[in-house]
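Engineer: Quick one: structure below, then a few questions.
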């Protein structure tokens, strides 16, 4: 199949990041049904407008992820541009029939694009880019924070061993990477570059989830809860109760306790539980398939 071009959103220069962040908020988030229909239109009919809507509705997600890479001292606008390329690759390859949201799938492509850009741009890491080295580069700071290794000097042997084990890399690689990434203490008000470009304070990471990410996750959770609740209706009251007591409680009841409630053997309770679980799985798959078919029908109407 010939390669298909995905519409490219407007890029921005370093001075226009704030304006860009304001402008992308005009693009509305998509409901699961809207996203599914647009993805089908793009995948099956090369509908460029559908692809454009899929891309623009997720630009805020790219910007949110880009903020997590500000600590490497690279222009946010360039990080966002690289992330947008990853987003477009994700849209191009996204298969809505697999049952998950585009945001979940696109995150991997967005992060991969940004990480490649950071690795090729950050002067202190002009080294090999194996999977292990990438993992070490992007996780060393976090692990040092977890073990309170706040000094910029060499790590202790115990700290090196802990990080080496956690990331499954050699201790020599840990020592080498830490020395590359360590440097003299600087004021948070010191400029990032001699020619300007902001202060280090500007690059501190905001660990809070964005409103857009929260909404996406809440919509996905609500959708799954509703699907589960609807599917429960195929079970009898006894099956619902046994399944809930055995698999949905923080402290599940034992087979013995439920056998006394219903006056049957423990083996019979186990059989009812297994049968109810299989019925529920079948009903949820059928309901999900029906939703996809209905969305596809609307998209083709």
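Engineer: Are any residues in segment 1-32 part of a loop (DSSP other than H, G, I, E, B) and at pLDDT 85 or above, and if so, which ones?
Structural biologist: 27, 28, 29, 30, 31
Engineer: Moving on to the next point. From the residues in segment 90-103 that are in contact (Cβ under 8 Å) with a residue 60 or more places away in the chain and surrounded by fewer than 17 Cβ atoms within 10 Å (Cβ to Cβ), which one is nearest to residue 40 (Cα to Cα)?
Structural biologist: If we take residues in segment 90-103 being in contact (Cβ under 8 Å) with a residue 60 or more places away in the chain and surrounded by fewer than 17 Cβ atoms within 10 Å (Cβ to Cβ), then 97 is nearest to residue 40 (Cα to Cα).
Engineer: Scan segment 261-273 for residues that are farther than 13 Å from residue 238 by Cα and surrounded by 13 or more Cβ atoms within 10 Å (Cβ to Cβ) and jot them down.
Structural biologist: Matches in segment 261-273: 266 only.
The values are calculated or read from the model by the stated rules, or taken from the named source; none is laboratory data. None of the values given here were measured: they were computed from a predicted structure. Here the Cβ is made from the backbone with ideal geometry for all residues, glycine too, and neighbour counts use every protein chain on show.
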